[in-house]
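Remarks on the structure that follows.
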Amino acid sequence: VDVVRKVRTALGPDVPIVQTIFSPLTMAAKLAGGAVDDAFVADDDLATRVLAGLADDVIAFGRACLEAGADGLYFASQLANSTIPAATYNRLGVPHDLRVLEALRTDSWLLILHLHGPEPRFDLADRYPVDVVSWEDRETPPSMADARRRTDRVLMAGLSRGELFTDGSADDVAAQVRDALAQTDGRGVIVAPGCVLPTAASPQLLDAILAAARSAEVKGA
């Protein structure tokens with residue numbers, strides 16, 4: 001929270017700041033070593049108590065970041081995908097996700113839903129009160145073209161998140177930018193990596209994203 005405050009002071013009032021928060025079920029998995037086990041999933045009373053407490057923490061942290069100067073939140077779920085049954089996520093994930101998002105919606109200029117991992121639960125994009133949906137489209141379905149047909153939410157994807165930004169070239173980056181814009185007709189899209197960038201990402205390649213997008217704009221994409 002203190003870092004958010006310092007970044008806001010350094011950047012001034014006009015640069016948007018979006019802080020990452022994690023879904024309660026994702027937090028539970030992280031605390032348990034990376035996954036929720038069968039015993040936790042099967043014990044409704046335990047799971048409900050744990051997830052309710054974690055939801056309280058996520059809400060408190062999100063509010064503190066917004067009060068410190070963040071404009072919006074990047075809500076990451078790392079389990080809303082094929083790694084656990086949809087019925088399990090509907091029972092344990094969705095109610096607590098909604099509680100967090102609804103609590104933070106009013107004070108957030110922007111809410112981004114990040115669906116991490118293989119075969120993400122893309123139906124959640126329209127079920128959750130968010131503005132943007134993010135996922136690793138270069139690694140897993142849906143493609144950006146399919147996603148555009150499935151939701152009217154703003155799409156945030158289009159670029160590989162790993163070696164492209166450490167070993168790729170400006171031409172490689174530009175090709176992915178053009179492809180993302182072509183798949184969506186340049187409508188309702190934020191061209192971005194599917195998840196976090198490697199810390200060794202080349203600043204020149206990051207600049208190439210903006211250059212390629214501006215070039216596509218000029219050409220009418």
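Okay, here's what the table says:
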{"read-out": "Residue check for GLY34: at positive phi and either under 17 Å from the mean Cα position of the chain (by Cα) or crowded, with 17+ Cβ neighbours inside 10 Å (or both)", "value": "no"}
{"read-out": "Test: THR151 is open to solvent by less than 10 Å² (accessible area, probe 1.4 Å) and over 15 Å from the mean Cα position of the chain (by Cα)", "value": "yes"}
{"read-out": "Residue count, region 106-124 (criterion: farther than 20 Å from ASN90 by Cα and either in contact with a helix residue (DSSP H, G or I) (Cβ under 9 Å, 6 or more places away or on another chain) or open to solvent by 60 Å² or more (accessible area, probe 1.4 Å) (or both))", "value": "5"}
{"read-out": "Members of region 194-221 found to be more than 12 Å from GLY168 (Cβ to Cβ), modelled with pLDDT of 90 or more, in contact with a Leu (Cβ under 8 Å, 6 or more places away or on another chain) and not in a loop (DSSP other than H, G, I, E, B), listed by number", "value": "ALA213"}
{"read-out": "Yes/no for VAL94 being part of a helix (DSSP H, G or I) and touching a residue at least 12 places away in the same chain (Cβ under 8 Å)", "value": "yes"}
{"read-out": "Flag for ARG127 being in contact (Cβ under 8 Å) with a residue 24 or more places away in the chain, closer than 27 Å to ILE190 by Cα and touching a helix residue (DSSP H, G or I) at 6+ places or on another chain (Cβ under 7 Å)", "value": "no"}
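The values are calculated or read from the model by the stated rules, or taken from the named source; none is laboratory data. Predicted, not measured: the structure shown is a model, and the values here were computed from it. Note that each Cβ is placed from the backbone with ideal geometry, even for glycine, and that neighbours are counted across all protein chains shown. Side chains included, ligands, DNA and RNA excluded: accessible areas come from the protein's heavy atoms. Shrake-Rupley method; radii C 1.70, N 1.55, O 1.52, S 1.80 Å.
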